[in-house]
1. Of the residues PHE36, PHE18, which is assigned to a helix (DSSP H, G or I) and touching a Cys at 6+ places or on another chain (Cβ under 9 Å)?
2. Would you point out which residue out of LYS42, LYS65 is within 25 Å of GLU144 (Cβ to Cβ), exposed (fewer than 14 other Cβ atoms within 10 Å of the Cβ) and not hydrophobic (A, V, I, L, M, F, W, C)?
3. For segment 141-164, give me each residue that is surrounded by fewer than 20 Cβ atoms within 10 Å (Cβ to Cβ) and either touching a residue at least 40 places away in the same chain (Cβ under 8 Å) or in a loop (DSSP other than H, G, I, E, B) (or both).
4. Tell me yes or no: at least one residue of segment 170-192 is at pLDDT 85 or above and within 15 Å of SER125 (Cα to Cα).
5. If we keep just the residues of segment 66-102 that are of a type in the set (Gly, Ala, Ser) and at pLDDT below 80, which is nearest to ASN135 (Cα to Cα)?
6. Tell me, which residue of segment 19-40 that is at pLDDT 85 or above and not aliphatic (A, V, I, L, M) is farthest from VAL86 (Cα to Cα)?
7. Between residues in segment 17-31 that are under 22 Å from PHE59 (Cα atoms) and residues that are surrounded by 14 or more Cβ atoms within 10 Å (Cβ to Cβ) and of a type in the set (Gly, Ala, Ser), which pairs lie under 6 Å by C-beta distance while being six or more apart or on different chains?
Amino acid sequence: MRSYLVLAMCGIFLLQYFIQIHMVENLLIVVTLIAFIASATKANSVPRWLGCGMLILGFILELEKGTGIEGINQGIRMNLPLLSLVILVPLLSIPLKLGGFLDGLNSLLQRLKHHPQKLFAGITSVLFVLSPILNIGSIRIVDELLKDLKLPPAMLAKSYLLGFSTTMLWSPYSAAVAVVLYYLKVPVTEYLAYGFGIGLLFLLIGNVLFAACCAINH
């Protein structure tokens, strides 16, 4: 039931995004809160109380600001695009698998499994390309592709962190980059060349350090 509620929330969000009807917007808020409650009841104790506490704190802050129910609704809607992206992006791997487009990639990853430096470079490079487009959803897609390889969690954590972190240095779709450029009034076209270069340098340094650690351990 919980899964259906979450999928219904994403579906209503997409519907409301295109048709912009006030009644659908209200329905979206209700379904989102119900999905949150249903998910919280199944979560572990620490995430459950942390999530509920943050939600209640958000309600209190909006009421103290004087925005009332409308402020609460707006706060909920602001987080739905990212939440829907994280939930729905893994579905993109289904047509890719059915079309056989991932077979070559899987065979390549299998060959690189015993070459950690090359595999690490491949994972971080894929995230470097996908993260500016899919945001954090890119990690879900890459993790879906790699789950059958049963790689060490430490290696996956390092590669995900490095590959995704580069996005925050250069992608105009990253919230951090967008906010800084907006307040400093720097055009995206002027920053992009520098930011992209910094991102590549960050990616290169991370791979060099990983290769050096592998060499030391061996």
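The values are calculated or read from the model by the stated rules, or taken from the named source; none is laboratory data. Note that the coordinates shown come from a computational prediction; the quantities given were computed from them, not determined experimentally. No Cβ is skipped: glycine too gets one built from the backbone with ideal geometry, and neighbour counts run over all protein chains shown.
1. Working: PHE18 fails: touching a Cys at 6+ places or on another chain (Cβ under 9 Å).
When all the criteria are applied, what remains is PHE36.
2. On the way: LYS65 fails: within 25 Å of GLU144 (Cβ to Cβ).
After ruling out the rest, the residue left standing is LYS42.
3. The answer is ILE141, GLU144, LEU145, ASP148, LEU149, LYS150, LEU151, PRO152, LYS158.
4. Yes: segment 170-192 contains one or more residues that are at pLDDT 85 or above and within 15 Å of SER125 (Cα to Cα).
5. Applying the first criterion (of a type in the set (Gly, Ala, Ser)) to segment 66-102 yields 66, 68, 71, 75, 84, 93, 99-100.
Retained after the next criterion (residues that are at pLDDT below 80): 84, 93, 99-100.
Details: SER84: 11, SER93: 15, GLY99: 24, GLY100: 25 Å.
Among those that are of a type in the set (Gly, Ala, Ser) and at pLDDT below 80, it is SER84.
6. ASN26
7. Pairs found: VAL31/ALA8.
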